[in-house]
Every structure is written in structure tokens, then in C-alpha cells.
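Trainee: The structure follows.
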Amino acid sequence: MRLASFAAALVACTVLPAQAFAGGVGIVATGGMRNDPVYFYDNTDCDASGDCAQYKAQQLRPNVGGGLEFVLGDRDERISGVFRGYWTMEPPQVNPADNEPTDVDGNVLAPEDVTSNVRDTNRHIGLASFGAQWGLVGEPDKFQLTLITTAGAGFLTSDHTEFLFVQAGPGFTYRTSRSTQLFVDLEYMMRFRKGFTHGANAYVGMRYLFD
């Protein structure tokens with residue numbers, strides 16, 4: 001079902017520009033960082049039922065990836081719609097026992113007293129986002145400072161932890177020819193899955209524009 005929805009979205013984004021006779025297609029690479037909570041337990045602080053004290057450690061984990069982009073709108077307009085379908089990869093989490101974990105009072109726990117369930121493999125994620133690029137300063141046919149706002153989902157994950165997200169941030173575009181545009185975006189990302197996590201991502205790519 002998720003794959004079918006994603007395929008339908010791709011078809012819509014390729015058909016709509018054809019109907020409007022204005023849009024574009026491009027490639028995009030991305031990289032960034034986000035906070036990733038990891039839970040662990042103190043084996044020396046357990047109750048009669050065997051439930052041990054639980055703590056949370058925040059880790060900064062990087063991500064890299066790439067994919068495709070579809071643009072809807074005239075190349076000379078300051079506002080255009082943007083759809084991105086892309087893949088990212090995150091490396092394994094770090095075992096809290098290796099980083100001097102502490103309890104609620106700040107006491108360092110011995111590694112042998114810590115139990116945690118960390119992800120020890122790379123995490124692969126398929127993402128899709130829809131949004132708009134807003135021209136702020138400059139001209140669309142030359143150099144332009146932009147603001148990009150998007151929302152989407154990590155709809156396909158290797159560990160079944162799908163999530164929603166929103167992003168926003170500044171960027172710039174530079175037209176090297178009538179049909180070719182380079183772009184860079186720097187975006188804050190907020191993810192939601194049983195709670196919020198935060199991060200930042202950079203997007204770099206090239207678009208072929210047509211009308």
C-alpha cells in the first residue's frame with residue numbers, strides 16, 4: 001500500500017507539470033544530522049517484578065542520501081511547487097554502555113550494569129516530501145535567495161519505524177542556462193514518531209526546467 005501510494009504520487013507529479021506546460025525535473029543529494037534517543041536500563045536498580053530503571057540518552061546521528069525532484073511552476077516565477085522522492089541511510093546507534101551513561105542523579109553507571117537495545121545495522125529510509133520554494137531576493141533567471149517549506153513522510157524504513165516530518169529553511173538557486181538551475185537548501189527538520197526529534201539537512205542538486 002505504501003509503495004502504491006508513493007508510485008501514485010510520482011505519477012501525479014510528472015503528469016501535472018505536463019498539463020501546466022511548466023515545471024522541471026532534477027537530481028538531489030542530501031546529508032545532515034539529527035538527535036536520536038536511545039533507551040537503556042540500570043540492572044542494579046530493579047523492583048520486585050524485575051522492571052529496572054529506564055533512562056534515555058540523546059545521540060547525534062548523521063545521514064546521507066539522494067534521489068529525484070519534480071518542480072511545478074514557470075521557471076521565471078518566484079514561487080514554485082517542489083516534490084522530492086529520495087533515500088537516506090543512517091549508521092548504527094552507539095551502545096550507551098560505551099559512553100559512560102549516567103542515572104537521574106548524574107552517577108556514572110558501570111558498563112556491565114547497563115542493558116540497552118540499540119540498532120547495530122545501517123538504517124535505510126525512503127522519504128517523500130511536498131512543499132514550495134519561495135523566492136525572496138534576486139531574480140529567478142539568475143541568482144536567487146529562497147525559502148523552502150516542505151512536509152512529508154519517511155514512508156519506508158528498514159526497521160519499521162516510519163515517521164512524519166516538516167522542514168523549512170533558506171537556500172539559493174543559480175541558473176547556469178535557460179534550462180539548467182543549480183540549488184542548495186539548508187533546512188531544519190522536525191520528525192514525529194511517538195514524540196518529536198530534531199535535526200538539520202542540506203540538499204544540493206541540479207534541475208532541468210521546461211515550459
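The values are calculated or read from the model by the stated rules, or taken from the named source; none is laboratory data. Just so it is clear, the model here is predicted, and its values are computed rather than measured. Neighbour counts are summed over all protein chains in view; Cβ atoms, including those assigned to glycine, are modelled from backbone coordinates with ideal geometry. Heavy atoms of the whole protein, side chains included, go into the accessibility calculation; ligands, DNA and RNA do not. Shrake-Rupley method; radii C 1.70, N 1.55, O 1.52, S 1.80 Å.
Trainee: Where residues in the range 184-197 are farther than 23 Å from residue 143 by Cβ and open to solvent by less than 80 Å² (accessible area, probe 1.4 Å), which of them is modelled with the lowest pLDDT?
Mentor: Looking at residues that are farther than 23 Å from residue 143 by Cβ and open to solvent by less than 80 Å² (accessible area, probe 1.4 Å), I get 195.
Trainee: Continuing with this model, one more query. Residue by residue through the range 126-153, note down the ones that are over 17 Å from residue 69 (Cβ atoms) and either under 15 Å from the mean Cα position of the chain (by Cα) or aromatic (Phe, Trp, Tyr) (or both).
Mentor: The one that is over 17 Å from residue 69 (Cβ atoms) and either under 15 Å from the mean Cα position of the chain (by Cα) or aromatic (Phe, Trp, Tyr) (or both): 143.
Trainee: Quick check on residue 126: is it assigned to a strand (DSSP E or B) and under 21 Å from residue 77 (Cβ atoms)?
Mentor: Considered against the rule, which asks whether it is assigned to a strand (DSSP E or B) and under 21 Å from residue 77 (Cβ atoms), residue 126 comes out as no.
Trainee: Here is a follow-up. Identify the residue in the range 32-84 that is aliphatic (A, V, I, L, M) and open to solvent by less than 40 Å² (accessible area, probe 1.4 Å) and, among all such residues, is nearest to the chain's Cα centre (by Cα).
Mentor: 82
Trainee: Are any residues in the range 142-174 within 23 Å of residue 123 (Cα to Cα) and not in a strand (DSSP E or B), and if so, which ones?
Mentor: Correct list: 158, 159, 160, 161, 162.
Trainee: Of everything in the range 154-168 that's of a type outside the set (D, E, K, R) and more than 13 Å from the chain's Cα centre (by Cα), which residue is least open to solvent (accessible area, probe 1.4 Å)?
Mentor: Step one: filter the range 154-168 for residues of a type outside the set (D, E, K, R), giving 154-158, 160-161, 163-168.
If we keep only those that are more than 13 Å from the chain's Cα centre (by Cα) as well, we get 158, 160-161.
Values: 158: 67, 160: 130, 161: 33 Å².
Ranking the candidates gives 161 first.
Trainee: Among the residues of the range 175-183, is any at negative phi, open to solvent by less than 40 Å² (accessible area, probe 1.4 Å) and part of a loop (DSSP other than H, G, I, E, B)? I'd like the intermediate steps shown before the answer.
Mentor: From the range 175-183, those at negative phi are 175-183; that's our starting set.
Narrowing the set further to residues that are open to solvent by less than 40 Å² (accessible area, probe 1.4 Å) leaves 175, 179-181, 183.
This time we only want the ones that are part of a loop (DSSP other than H, G, I, E, B), so: 179.
Within the range 175-183, one or more residues are at negative phi, open to solvent by less than 40 Å² (accessible area, probe 1.4 Å) and part of a loop (DSSP other than H, G, I, E, B).
Trainee: Here are some residues: 97, 128. Which one is in contact (Cβ under 8 Å) with a residue 12 or more places away in the chain, touching a helix residue (DSSP H, G or I) at 6+ places or on another chain (Cβ under 7 Å), surrounded by 14 or more Cβ atoms within 10 Å (Cβ to Cβ) and under 17 Å from residue 38 (Cβ atoms)?
Mentor: Only one candidate qualifies: 97.
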